[in-house]
Amino acid sequence: MAASTPLRVDRNTLRTNQAFIVGLTVIAFVVGRDVGQWIVLGTGLVMLFGTLDERLALFKQVHRRLLKPAGILGADVKVEDPMPHQFAQAMGAVVLLLAFLALVGGATQVGWALTLIVTALAFVNLAVQFCTGCFIYYQLDRRGLLPASIASTRTAH
């Protein structure tokens, strides 16, 4: 059996994505609920659609199509499975969409608390490269609790 091509992740693409998430959610909080709730929704949808189809990952595309070609922020490619990062992004998207529902439903403290959680976790990932969603993915995978479609390709759990 031929060896498969190793999976790769461009860490600077991920960092750009995280910077957009942090920046936009902070802006949402600063401008307040009336406008901010729509920024939370937009950020959550970009994350969700980017999880479902990499071509729709608009924040990541900024790095791939603008920053990298312009020489502003080069590549930082590592051999690793991108699935834990996709899982983490999906979790963040769900939390931001729940935050939006709370904000429009009048539960503003809940909505901002959920938004703050996503902001803080994206910032931690950006600042110290610890991805909480990836950690959760690995724990679930290790216990065999992920669907086969997203579980790691390791044979032993």
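The values are calculated or read from the model by the stated rules, or taken from the named source; none is laboratory data. Since this is a predicted model, take the numbers as computed values, not measurements. Here Cβ is always computed from backbone atoms with ideal geometry, including for glycine, and neighbour counts include all displayed protein chains.
On inspection, residue 102 does not qualify as free of Cβ contacts under 8 Å to residues at least 12 places away in the same chain and either in a helix (DSSP H, G or I) or not small (Gly, Ala, Ser) (or both). Put simply, of 96, 52, 56 the only residue that is touching a Gly at 6+ places or on another chain (Cβ under 6 Å), without any contact (Cβ under 8 Å) to a residue 24 or more places away in the chain and not small (Gly, Ala, Ser) is 56. Number of residues in region 1-58 that are among the small types (Gly, Ala, Ser) and assigned to a helix (DSSP H, G or I): the value is 7.
Every listed requirement among (1) surrounded by fewer than 20 Cβ atoms within 10 Å (Cβ to Cβ); (2) out of contact with any Lys or Arg (no Cβ under 9 Å at 6 or more places or on another chain); (3) modelled with pLDDT of 95 or more; (4) not small (Gly, Ala, Ser) is met by residue 78 save one, (2). Total residues in region 82-107 satisfying the condition of being surrounded by fewer than 18 Cβ atoms within 10 Å (Cβ to Cβ) and not hydrophobic (A, V, I, L, M, F, W, C): the figure is 3. Go through (1) free of Cβ contacts under 8 Å to residues at least 60 places away in the same chain; (2) outside any helix (DSSP H, G or I) and name the single condition residue 74 misses. Residue 74 satisfies every listed condition except (1). Restricting attention to region 132-157, the residues being surrounded by 14 or more Cβ atoms within 10 Å (Cβ to Cβ) and not in a helix (DSSP H, G or I) number 4.
For region 108-131, what are the residues that are closer than 19 Å to residue 28 by Cα, surrounded by 15 or more Cβ atoms within 10 Å (Cβ to Cβ) and not aliphatic (A, V, I, L, M)? Across region 108-131, the qualifying residues are 108, 111, 112, 115, 119, 123. Are any of the residues in region 54-64 charged (D, E, K, R), more than 13 Å from the chain's Cα centre (by Cα) and either within 21 Å of residue 127 (Cα to Cα) or exposed (fewer than 14 other Cβ atoms within 10 Å of the Cβ) (or both)? Yes, region 54-64 contains at least one residue that is charged (D, E, K, R), more than 13 Å from the chain's Cα centre (by Cα) and either within 21 Å of residue 127 (Cα to Cα) or exposed (fewer than 14 other Cβ atoms within 10 Å of the Cβ) (or both).
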